[in-house]
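Worksheet for the structure shown next.
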Amino acid sequence: MSINTEPITLLNAEGIYSANKALPLAVDAVDATALYRDMVMARRVDTEAIALQRQGELGLWPSLLGQEAAQVGAAHALKPRDVVFPTYREHGVAWCRGVNPVDLLGLFRGTTLGGWDPTANNFNLYTLVIGAQTLHGVGYAMGIVRDGDVGTGDPARDRAVLVFLGDGALSEGETNEAFVWAAAQNLPVVFFCQNNQWAISAPYSVQSKISVAQRAQGFGFAGVRVDGNDVFACLAATEEALAAARAGEGPTLIEALTYRRNPHTTSDDDGRYRSGAENDAWAALDPIDRLRTYLTSTGQLEEAILEQISGQEKSLAEQLRSGCRALPNPAPASPFQNTYADLPLDLEQQMNEHLEFVEAGE
Amino acid sequence: MSATSTRMPLAHALNLGLRHAMEADDKVMLLGEDIGQLGGVFRVTDGLQKAFGDHRVVDSPLGEAGIVGSAIGLAMAGYRPVCEIQFDGFVFPAMNQIITQLAKFRHRSEGRISVPVVIRIPVGGGIGAIEHHSESPEAYFAHTAGLKVVSPSTSQEAYDMMGLAIRSDDPVIFLEPKRSYWLKGDVDSGNSPEELQKATVVREGQDLTLVAYGALMPVALKAAEVCQREGRNIEVIDLRSLSPIDDKTLIESVERTGRMVVAHEASRTAGLGAEVAARVQDAAFHSLLSPVIRVTGYDTPYPPSRLEEDWLPGLDRILDGIDRSFTY
């Protein structure tokens, strides 16, 4: 028996907006052009990175194609002091948070295992161990509680954590532990699951018999299922959930039902496990197309704006290409210096031996 | 015993160390199973929830991955969490968070992210316990770059090292010898302690260096006493820090004595004894009169408690190891 609730759509694939009492949104107050711009840029980052990988400049790239609405919609609900814990595919969220997109590339180029300062934009480093970040987000939320920054009603104080995870991560034990902790302690954390329906080659049916959103109920908190290709629905759901979290009402699990249009990463051969027909069906539900249609039909997207966006895209692409090639190799001493706060004597000796070895080879 | 010293069991010294650290810095907080209301199954956190409240002494859900994973998040939010893992054998569900996350954040972030988490674990056997309650998992941690691994052997060391571990900006695995929890010793809370990463010579001698840590320290000192009566002068070193290892103290000693025995409860293969032996033969080969002898647990899982007395490296097996060194 499969139990599914329909995901809530506000902006449908034809670009028509319909309000829904279940997911209120002050749509006239939304800067839809900004959403559009950010989705276009997120896709451009992704497209350029794939090209860079094909050219041998990156070893690997996990594409977000098709997931732009989920990421940009969620990101636009954030306040500056909210803190994000991403997986490794949230390039759209990174873009919205103000992370330099060139900084996302180093991890995949092999010049770093991190790439940016998590505190600069309240956007943590990518986590490659599936689900591990859900507990870090929970712990951070415990810190916010202890700081007293929940439920004060003061918008300058109240803050929350936004944890991203995929459909596969819900099978990991640690993710389930994160749900247990968040619920039992009523933590200010929103779990945003992009159910892109594939964990490499495992379809969602391998992970669960019921929808992502319904699983929250078992832990004791609310689950909301939205159309992950509808930026308005993702924005509305995340705004509501983050507001509730900041107010001290506890966690929410948002399921943004979307589709991973590209393979898991550039190293994956998805023709081996899924049909092109499924992909084509989801192409017709494209998140950017439907928003463009809506903006055009509501007179919000004049030629001038489109040209400006196109120009911004081009310069972003150039910035990524030149920025990628300019990413510096780490110094041979850096792993030694960054393992501990103070370099232990025996590790220092190893470092000196290593540096001599490296120098001798030059 | 100085005027400012109090005699107390090792478990109480840990409690005092935690209390003082929490008084000194209100970012220090504790999390673990049964540490609040119950005060911990060994009472190490007794009275602390009452003193500091349930926001700072957290009775956690039953999940070691959750304990360590949340501690990492708390550290990122500016707190200094001290986790308790209830028993050595139950640290394994937390290994993913410890090894792939806790140990690696500083390195991954090129020094930007500090995760000053202490993980306290009661370790070791000799208490007649059931399965999973007598483990010695130190090698897994010592082999993981990015972790500091320490083990106090006396009440004074327990008090001092707790403070040092909490103040360290690195993640520290703090291995408490549970069989020594009720061993009494003097504690001077005003003591100026040795740095965390130092080994200490607790008994000077010229004929052989006996290295041990944790619960085997009293046994090692007993072995030295017995040898004294037989005319052999054993130098006893408390390793204290299992990662990083204080090579300097070990090498300086063996260069004088020419002989070394290392004792640990943990299984023989790939244990800390192997690491010490490798370092010593590398740095002091020509000073050695005999090979470095290891007296350890066997390469079996920890046995049923009816067998543990002979399985563990006790006084007799350590004396045998010392004798074997002198056959060379």
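Quick look at the numbers
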{"quantity": "Selected from A:55, A:217, A:350 as most flexible by GNM, with chain A as the system and alpha-carbon contacts under 10 Å", "calculated": "A:350"}
{"quantity": "Computed magnitude of the charge dipole of segment A:1-93 (debye, nearest 20; Cβ of K, R +1, Cβ of D, E -1)", "calculated": "140"}
{"quantity": "With eigenvalues of the C-alpha gyration tensor scaled by 5 and rooted, segment A:52-176, Å", "calculated": "27, 16, 14"}
{"quantity": "Calculated Rg and Dmax of segment B:190-261 using C-alpha coordinates, Å", "calculated": "12.1, 38"}
{"quantity": "Over the protein assembly as shown: helical MRE at 222 nm, DSSP H runs n ≥ 4 each giving -39500 (n - 2.57), nearest 500", "calculated": "-12000 deg cm²/dmol"}
{"quantity": "Probe 1.4 Å - accessible area at residue A:354, Å² to nearest ten", "calculated": "70"}
{"quantity": "Summed side-chain charge close to residue A:94 - residues other than residue A:94 whose Cβ falls under 15 Å, Lys, Arg +1, Asp, Glu -1", "calculated": "-4"}
{"quantity": "Estimated dipole of the protein assembly as shown in Debye, rounded to 20 [Cβ of Lys and Arg +1, of Asp and Glu -1, Cα centre]", "calculated": "480"}
{"quantity": "Anchor residue B:222: lysines whose Cα lies under 22 Å away (excluding residues fewer than 8 positions away in-chain)", "calculated": "B:178, B:184"}
{"quantity": "Positive-pole candidate from A:155, A:166, A:178, dipole of segment A:140-185, charges at beta carbon", "calculated": "A:155"}
{"quantity": "Length released on extending from residue A:119 to residue A:305, taking residue separation times 0.36 nm less the Cα-Cα span", "calculated": "63.7 nm"}
{"quantity": "Antiparallel bridge percentage (DSSP; both residues within the protein assembly as shown; nearest 5)", "calculated": "20"}
{"quantity": "Relative contact order (%) - chain B, alpha-carbon pairs under 8 angstrom, separation at least six", "calculated": "16"}
{"quantity": "Size of the B/A contact, given as accessible area buried on both chains, probe 1.4 Å, in Å²", "calculated": "3200"}
{"quantity": "Efficiency of FRET between residue A:280 and residue A:26 - r from beta-carbon atoms, R0 30 angstrom, step 0.05", "calculated": "0.30"}
{"quantity": "Area projected by the alpha carbon convex hull of chain B, averaged over all directions, nm²", "calculated": "16.5"}
{"quantity": "Residue B:182 - accessible surface, heavy atoms, 1.4 Å probe, Å² rounded to 10", "calculated": "140"}
{"quantity": "Along each principal axis, Cα extent of segment A:1-93, largest first, Å", "calculated": "49, 41, 31"}
{"quantity": "Nearest-10 value in Å² for the accessible area of residue A:342, using the 1.4 Å probe", "calculated": "100"}
{"quantity": "FRET efficiency estimate (nearest 0.05) - Cβ-Cβ, residue A:16 to residue A:249, R0 30 angstrom", "calculated": "0.40"}
{"quantity": "Karplus 3J(HN,Hα) series, Hz, for segment A:348-362 with 6.51 cos²θ - 1.76 cosθ + 1.60 (x for Gly, Pro)", "calculated": "5, 5, 4, 4, 4, 4, 5, 5, 4, 4, 5, 5, 4, x, 7"}
{"quantity": "Residue (of B:197, B:228, B:242) at the positive-pole extreme of segment B:192-255, dipole from beta-carbon charges", "calculated": "B:228"}
{"quantity": "Calculated from backbone phi, Karplus (6.51, -1.76, 1.60) coupling profile of segment B:7-22 in Hz, x at Gly/Pro", "calculated": "8, 7, x, 4, 4, 6, 5, 5, 4, 5, x, 5, 4, 5, 5, 6"}
{"quantity": "In Hz, Karplus ³J(HN,Hα) per residue of segment B:60-70 (6.51, -1.76, 1.60; θ = phi - 60°; x = Gly, Pro)", "calculated": "8, x, 7, x, 6, 5, x, 4, 6, x, 5"}
{"quantity": "Apportionment of accessible area to carbon and sulfur, segment B:19-164, percent (1.4 Å)", "calculated": "52"}
{"quantity": "Per-residue mean of C-beta atoms belonging to partner chains within 10 Å, peptide A:334-345", "calculated": "6"}
{"quantity": "Most mobile of A:67, A:312, A:337 in a GNM of chain A (Cα contacts under 10 Å)", "calculated": "A:337"}
{"quantity": "Label-to-label distance, nm, for residues given as residue A:357 and residue B:282 (7 Å Cα→Cβ offset)", "calculated": "1.1"}
{"quantity": "Relative contact order (%) - criterion: Cα under 8 Å, at least six apart; region: segment A:58-195", "calculated": "26"}
{"quantity": "Placed amide H near residue A:260: partners under 5 Å, 5+ positions off or other chain", "calculated": "A:198"}
{"quantity": "Computed over segment B:188-274: relative contact order in percent, which uses C-alpha pairs under 8 Å that are six or more apart", "calculated": "39"}
{"quantity": "The protein assembly as shown: proportion of alpha-carbon pairs further apart than 34 angstrom, %", "calculated": "52"}
{"quantity": "Calculated on alpha-carbon atoms, Rg and Dmax of segment B:66-144 in Å", "calculated": "13.7, 45"}
{"quantity": "Residues whose placed amide H lies under 5 Å from that of residue A:8, excluding near-sequence neighbours", "calculated": "A:225, A:226, A:227"}
{"quantity": "Selection from B:182, A:132, A:16, by position along the positive dipole direction of the protein assembly as shown (Cβ)", "calculated": "B:182"}
{"quantity": "For chain A, projected area of the alpha-carbon convex hull averaged over all directions, nm²", "calculated": "20.9"}
{"quantity": "Å² of accessible area per residue within segment A:46-204, as computed with a 1.4 Å probe and no ligands counted", "calculated": "27"}
{"quantity": "Where the Cα pairs of segment A:1-42 fall when distances are cut into 5 Å bins, in %", "calculated": "5, 16, 19, 25, 16, 9, 5, 3, 1"}
{"quantity": "Long-range amide H partners of residue B:242 with built H, under 5 Å", "calculated": "B:149, B:150, B:151"}
{"quantity": "Portion, in percent, of the accessible area of segment A:99-207 that falls on carbon or sulfur, probe 1.4 Å", "calculated": "51"}
{"quantity": "Shielded by partner chains, segment B:232-277 residues - at least 30 Å² of accessible area, 1.4 Å probe, vs chain alone", "calculated": "B:244"}
{"quantity": "Average accessible surface area per residue within segment A:258-362, 1.4 Å rolling probe, Å²", "calculated": "58"}
{"quantity": "For segment A:154-310, alpha-carbon Rg and Dmax in angstrom", "calculated": "18.0, 53"}
{"quantity": "Rounded accessible area per residue of chain B, 1.4 Å, Å²", "calculated": "39"}
{"quantity": "Over segment A:178-268 - Rg/Rh using Cα atoms and the Kirkwood inverse-distance radius", "calculated": "1.01"}
{"quantity": "Among B:24, B:224, B:199, residue whose mean-square fluctuation peaks in a GNM of chain B (springs only between Cα atoms under 10 Å)", "calculated": "B:24"}
{"quantity": "Rounded tilt (10° steps) of A:303-326 against the dominant C-alpha axis of chain A", "calculated": "20"}
{"quantity": "Chain A, dipole about Cα centre (Lys/Arg Cβ +1, Asp/Glu Cβ -1), debye to the nearest 20", "calculated": "720"}
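The values are calculated or read from the model by the stated rules, or taken from the named source; none is laboratory data. Computed from a prediction, not measured in an experiment: that's the story for all the values here. For neighbour counting, all protein chains shown are included, and Cβ atoms are generated from backbone atoms with ideal geometry for every residue, glycine included. Note: areas computed on protein heavy atoms with side chains; ligands, DNA, RNA excluded. Shrake-Rupley method; radii C 1.70, N 1.55, O 1.52, S 1.80 Å.
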